[in-house]
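Data block below; observations after.
The values are calculated or read from the model by the stated rules, or taken from the named source; none is laboratory data. Computed from a predicted structure; not experimentally measured. Reconstructed Cβ throughout: ideal geometry from the backbone, glycine too, with neighbour counts over all protein chains shown.
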Amino acid sequence: MRVALITGAAGGIGSATVARLLAQGYAVVGVDREAAVVPESERAAHVRGDVRDQRVLESAVALAVERWGRLDAVVAAAAVIAGGRPLWETPPEEFDDLWEADARTVWQTAVAAVPVMLAGPDPSGCRFVAVASAAAHQGLFGLGAYVAAKHAVVGLVKGLAADLVGTGVTACAVSPGSTRTPMLDATADIYGLPDAETFAGHQLLRRLLDPDEVAATLAFCCSREAAVLNGSVVSATGGFS
Ligand code: NAD
């Protein structure tokens, strides 16, 4: 049985990924500062805590190993969004918060998980997947700190992939487009929009993505079959304009 760790597991995309991997037969440890959305069971555990704290990540990895003896896939999805003003007016605390919550935690998650994957029974089946964003590939006005942090997520994955060459473990990123989740509602609030549906027009599909559609891409990236996605960034936007 493959075992996965998902950060941001109580969020829109994270909870859809937990549900999808459970349906595929994985055991899953979710981590989030919020309570579990997908009920705990004999194949589903939830660690409630802040992923900026390395001890939370270490305990979630330890729980996976203690309960199921291995860790095969990680999805680093925890993140927050803030903004609404140009970068030169962004308060230092807001910039630091976004950097820490959205970029540094991806590195911290790798620090906690990769050594366990390397020492596990099947390193060549192990996948580290970070959730980036369409904002990792272009500027978005008023969201400069988030844009910078998400660009860093892509850099982290590329650096990690290079360091992992020859080990069998791989690292990639998935960049979702506008997906119907609480974070997109928060983004609409930042822009003073009545609701998140406005963002549908930014996608070539002319609709918002469903979290489960993004989860389907993440689940593939978690699979043994995704071995060629090393240092890759998969666009899950349906086209972004
Ligand atoms: P969401 O707000 O629904 O979920 C994010 C989850 O992360 C929340 O449950 C939150 O509690 C958790 N979290 C945040 N910081 C944390 C911390 N320090 N410790 C523990 N938990 C923490 O948002 P989502 O849309 O599901 O976002 C998932 C990922 O997808 C994020 O990385 C986000 O940047 C990315 N993304 C989302 C969209 C979108 O349109 N929704 C688009 C591109 C990228």
For residue 121, which of the numbered conditions (1) under 25 Å from residue 22 (Cβ atoms); (2) surrounded by fewer than 16 Cβ atoms within 10 Å (Cβ to Cβ); (3) within 16 Å of the ligand (Cβ to nearest atom) fails to hold?
-> (3)
Do you know which of the residues in segment 12-36 that are of a type in the set (Gly, Ala, Ser) and within 13 Å of the ligand (Cβ to nearest atom) is nearest to the chain's Cα centre (by Cα)?
-> 14
Could you list, in sequence order, all residues of segment 199-218 that are away from the ligand (no atom under 12 Å from the Cβ) and either in a helix (DSSP H, G or I) or of a type in the set (Lys, Arg) (or both)?
-> 201, 206, 207, 216
All but one of (1) within 14 Å of the ligand (Cβ to nearest atom); (2) assigned to a loop (DSSP other than H, G, I, E, B); (3) without any contact (Cβ under 8 Å) to a residue 40 or more places away in the chain hold for residue 147, so report the exception by its number.
-> (2)
Could you pull out the residue among 236, 216, 226 that is surrounded by fewer than 17 Cβ atoms within 10 Å (Cβ to Cβ) and within 20 Å of the chain's Cα centre (by Cα)?
-> 216
Working only within segment 154-190, note down all residues that are in contact with a Ser or Thr (Cβ under 9 Å, 6 or more places away or on another chain), more than 18 Å from residue 236 (Cβ to Cβ) and within 13 Å of the ligand (Cβ to nearest atom).
-> 188
Test: residue 166 is more than 19 Å from residue 75 (Cα to Cα), modelled with pLDDT of 95 or more and not in a helix (DSSP H, G or I) | yes
In segment 54-84, what residues are surrounded by fewer than 16 Cβ atoms within 10 Å (Cβ to Cβ), among the charged types (D, E, K, R) and more than 16 Å from the ligand (Cβ to nearest atom)?
-> 66, 67
Which residues, counting only those in segment 31-83, are in contact with a Phe, Trp or Tyr (Cβ under 7 Å, 6 or more places away or on another chain) and either β-branched (Val, Ile, Thr) or at pLDDT below 95 (or both)?
-> 74, 81
Hey, can you tell me all the residues within segment 51-85 that are under 18 Å from residue 186 (Cβ atoms) and of a type outside the set (A, V, I, L, M, F, W, C)?
-> 83, 84, 85
Considering only residues that are within 12 Å of the ligand (Cβ to nearest atom) and in contact with a Leu (Cβ under 9 Å, 6 or more places away or on another chain), look in segment 43-53 and name the one that is farthest from residue 107 (Cα to Cα).
-> 47
Looking at 47, 29, 38, 51, which one is under 20 Å from residue 221 (Cα atoms), touching a helix residue (DSSP H, G or I) at 6+ places or on another chain (Cβ under 6 Å) and either aliphatic (A, V, I, L, M) or surrounded by fewer than 24 Cβ atoms within 10 Å (Cβ to Cβ) (or both)?
-> 29
Looking at residue 78, is it under 17 Å from residue 13 (Cα atoms), among the small types (Gly, Ala, Ser) and not in a loop (DSSP other than H, G, I, E, B)?
-> no
If you take the residues of segment 39-71 that are more than 21 Å from residue 1 (Cα to Cα) and without any contact (Cβ under 8 Å) to a residue 12 or more places away in the chain, which of them is nearest to the chain's Cα centre (by Cα)?
-> 53
Out of curiosity, is residue 9 in a loop (DSSP other than H, G, I, E, B), within 20 Å of residue 126 (Cα to Cα), within 15 Å of the ligand (Cβ to nearest atom) and modelled with pLDDT of 95 or more?
-> yes
